[in-house]
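Undergrad: A single structure is presented below for examination.
Every read-out reported here was derived from the displayed coordinates using simple, explicitly stated rules and does not represent laboratory data. All values derive from a computational prediction rather than experimental measurement. Here Cβ is always computed from backbone atoms with ideal geometry, including for glycine, and neighbour counts include all displayed protein chains.
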């Protein structure tokens, strides 16, 4: 099968940074590796440098060996200026560290409209742990918020509407995603001969 170079370029360009980092370069054929490397290099040139690396509100420098391959698990824009600190970001970092996932806070400056400065705290984790990290954040922080919204929605429904509002139909995409995750994992175990 011949590789469609232009399609692959567009495909990589459309991916988020996190999705691109999830690709194992070693699994790619040589032509795909070149396109992948070009996309990575192009993004490095357009990504602003961090203002500072910090584990918290202090200005201490922290160098971690996994930062070059880090992925963003959570971020929050700062609204009170460069030196303000986001409690939500600290909570995300603490939740990840409590789950045994190395986490690091970093303040980024992003280009804004005509002289406007925008700062964003980011929580970074080792790239290989991004799926686990985002799932831990969902479980320990965001799912409770979602549950409260879902309960409020259900309370607004009539008895008749509630009877037909079954979760597997209301969230068919989520149920499908879980099935696909399990299937893909099982298939990869089989492909590698690791199934029990």
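Undergrad: If you average 1/r over every pair of different alpha-carbon atoms in the stretch 5-46 and take one over that average, what Kirkwood value in Å do you get?
TA: Kirkwood radius, the stretch 5-46: 10.3 Å.
Undergrad: Something else now. What do you get for Rg/Rh over the stretch 132-191 if you use C-alpha atoms and the Kirkwood form of Rh?
TA: Result for the stretch 132-191 is an Rg/Rh of 1.12.
Undergrad: Given a Förster distance of 25 Å, report the FRET efficiency between residue 40 and residue 7 from their Cβ-Cβ distance, rounded to the nearest 0.05.
TA: For residue 40 and residue 7, the calculated efficiency is 0.85.
Undergrad: How many nm separate the modelled label positions at residue 141 and residue 186, each set 7 Å beyond the Cα in the direction of the Cβ?
TA: Inter-label distance under the simple model: 3.3 nm.
Undergrad: Pulled fully out, how much extra length does the chain show between residue 178 and residue 164, if you take 0.36 nm times their separation in residues and subtract their Cα-Cα distance?
TA: Once the chain is fully extended between residue 178 and residue 164, it gains 2.8 nm.
Undergrad: So for each of 176-188, 136-148 I average, over its residues, the number of other beta carbons within 10 Å; can you give me the resulting order with the highest mean first?
TA: My ranking of the peptides, most packed first, is 136-148, 176-188.
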